[in-house]
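Since every read-out is calculated from the coordinates, none of them should be taken as a lab result. Since the model is a prediction, treat every value here as computed from it, not as a measurement. Methodologically, a virtual Cβ is constructed for each residue, glycine included, from the backbone with ideal geometry; neighbour enumeration extends over all protein chains shown.
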Amino acid sequence: MNVDILSVSQLTQQIKTGLETLFPQVKIKGEISNFKKHSSGHCYLTLKDERAQIAAVVWKATASRICFSLKDGLDVIAEGRLEVYPPSGRYQLICASITEAGQGALQQAYAELLQKLAKAGYFSTERKRPIPEIPETIGLITSPTGAVIEDMSNVLERRFPAARVLLYPVSVQGTNAAEAVASGITYFNNTNNNNHRPEVIIIARGGGSLEDLQAFNGELVANAIYHSELPVISAIGHETDLTIADMVADLRAGTPSIAAELAVPDTQELLRHIENLQSRRESMLLGKLEGADRQVYSICSSYAFNRPLLQMQQFDDRLNALVDQMGRTIKGGYSEKARDYASVCQQLSLLDYRKTLQRGYVLVKQEGKFVTGATKLHPTDDVELLFHDGVLPAVISNKKLH
């Protein structure tokens, strides 16, 4: 079997072409070792597990985007491409991104749930409920211990001490945290005790890692917030932290203290607003009184007010004139209608058949109907003769008339 003789460079180039073509993008999980950061900003390290290792390079631009410190012993997930470095005859991973191993899985789950909820309309601004301006009762879902509840209590007491706060104590991280938070939202929505039903709900906790905030990045809490009939303010972590609960909530606060400020008005501002309204009301009332006073003065000074008898005499004269005019109109109308009526009666009298009968004419009826011709009668037919002064029976004889 004849085999071509290759130079080291030729063989290395073929390996480089084949390997880089076969693995244009890979994602590797391993432990960092032999980590070195060059003065140029590039980072060189080895990724290893129990049975193998691979060299890796993180260029300066990529290293500047990594939000945690790379160090030996850290489990990471590196994504990039394989490259063969001919001068040393070895292959290495050129890293495009590096995330902590646990964080990578959480980030992926976060991204998938984010996409799912966005498609379902959970983040739509149209469905977000308004926050009441002056709530009498606030439902607070947070840990009963720690700085969060103390800070929020101080803010609420300072800004609006009249508000009543109902605490639903929960664990804000750990295995059962999500279930506890969701149960708190459901309780405040479904309770039959009016004393335990708030007008707004605040979900709060302090800052933490992605793992610490995982309860607020799950679907369980997102569903509870989305289906809540009560408006929800979310204050999870610090200003830079953004959870799925924050995005589904009706209002997101950067910190728990800010949430307390957003939930209630400032008492001093309310008092100043009330004073302004009272002052405006007094000014408007005084203005109306002054206007009414000027109007009364104008009326009292008018000619009509000072000459009431003359005004009444003028009205009386106009009234009498109208009465006379109405009398003449009615009398003339009645006379005209009477003449029309007499004329119609005269015309109807001329058409009355009884007047004709008085002149010697007779009407013939047979079986209740008037007979209009001789041909319609036969011998022995019984008929009635209608004179002007009565009715006589008659029988048609056989004698022919000539």
Cα-based Rg then Dmax for the chain, in Å, read 53.7, 162
Averaging 1/r across every pair of distinct alpha carbons in the stretch 216-284 and inverting yields a Kirkwood hydrodynamic radius, in angstrom, of 14.1 Å
Protection proxy (average C-beta count within 10 Å per residue), highest first, orders 21-29, 132-140 as 132-140, 21-29
The correct pair for the stretch 120-265, radius of gyration to one decimal and Dmax as a whole number, both in Å and from Cα atoms, is 13.7, 40
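Would you calculate, for the chain, the mean residue ellipticity at 222 nm contributed by helices, counting each DSSP H stretch of 4 or more residues as -39,500 (n - 2.57) and dividing by all residues, to the nearest 500?
Helix contribution divided over all residues of the chain: -14000 deg cm²/dmol.
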For the chain, percent of DSSP beta bridges that are antiparallel (nearest 5) comes out at 65 percent
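Which FRET efficiency, nearest 0.05, do Leu114 and Glu282 yield, Cβ-Cβ r, R0 51 Å? Mind showing how you got there, number by number?
Details: r = 55 Å, r/R0 = 1.07.
Rounded to the nearest 0.05, the efficiency is 0.40.
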The rounded separation in angstrom of the Cα centers of the stretch 102-165 and the stretch 1-64 is 46 Å
Highest mean packing first, using Cβ neighbours within 10 angstrom, the peptides 171-183, 369-381 sort as 171-183, 369-381
So, relative contact order of the chain in percent, Cα under 8 Å, 6 or more apart, is 9 percent
Within the stretch 320-402, DSSP-loop GluC sites (Glu not before Pro) with at most 12 other C-beta atoms within 10 Å are Glu367
For the stretch 8-104, averaging the sequence separation of alpha carbon pairs under 8 Å that lie six or more residues apart and dividing by its residue count, the contact order in percent is 31 percent
In this structure, among Lys29/Lys71; Lys16/Lys71; Lys37/Lys71; Lys27/Lys71; Lys27/Lys48, pairs with alpha-carbon gaps over 21 Å are Lys16/Lys71
So the compactness index of the stretch 355-395, its C-alpha Rg divided by 2.2 N^0.38 Å, takes the value 1.15
So, with points 7 Å from each Cα along the Cβ direction, the Thr380-Leu350 label distance in nm works out to 4.7 nm
Expressed as a percent, the portion of alpha-carbon pairs in the stretch 8-104 spaced more than 24 Å apart is 21 percent
For the stretch 239-309 the GluC sites (Glu not before Pro) that pass both the DSSP coil test and the at-most-14 other-Cβ-within-10 Å test are Glu239
Each label sits 7 Å from Cα toward the beta-carbon; between Ala394 and Gln268 the label points are separated, in nm, by 12.4 nm
